[in-house]
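Derivation of every value follows stated rules applied to the coordinates shown; laboratory data play no part. Everything numeric in this text was worked out from a predicted model, so none of it was measured. When we count neighbours, we look across all protein chains shown, and the Cβ atoms used for this are built from the backbone with ideal geometry, even at glycine.
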Amino acid sequence: MLSNTEMFWSIAIAVLIAGTLAYLLWKQRKEAKENEAPSANKTMPVATKQLQLQAYERLILLTDRIAIPNLITRVNQPGLSSREMQSLLTQSIRQEFEHNITQQIYVTPEAWDAVKNLKEQNLLIVNQVASFLPENATGLDLNKSLLELTGQNPKVSLHNVVSEALSFEAKKLMK
């Protein structure tokens, strides 16, 4: 039979061994969990991240294409009336937006709202400027007025702000 001292040391050693084994098991499981689920960006499949980056890229291209000076350069047709040019500009903005509407599933709601706001703002600017022109104004008159407005007052357009916001969001994904 074991003495009290021997029994104490036997229990102490058994508890020490059991504690050490429990600690090692806990540590191993913790490391396995950390390797399985690091940060949200790191756990995202590469293919998903690539789709998101492509969506931001397309939306930056969209914002550039519907920026009023770029839009005028691209769709300008000589000989149109102001109303015809207004229709062509607004139709082009809507088509560009609709062509990229599916990108919203890959970007943050804030990024998508910024793109929608830019579209709405540009439609409003084109329609407002056109409404102040005389009935016999030409498409060239409308284009000049739009370019003067955006050239004199760069803050009129959200284009740069939206592009920077989209770029910022894309860069966060790349970290």
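A compact table of results
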item	result
Binned Cα-Cα distance frequencies in the stretch 45-174 - 10 Å width, integer %	13, 42, 27, 13, 4, 0
Under 18 Å from the Met174 label point (7 Å along Cα→beta-carbon), backbone N, the stretch 101-123	107-108
For peptides 135-144, 59-68, 45-54, sequence by mean Cβ density within 10 Å, most packed first	59-68, 135-144, 45-54
Protection proxy ranking, peptides 75-82, 113-120, average beta carbon neighbours within 10 Å, highest first	113-120, 75-82
Restraint check, Lys116/Lys171; Lys116/Lys144; Lys116/Lys175, Cα-Cα greater than 23 Å	Lys116/Lys144; Lys116/Lys175
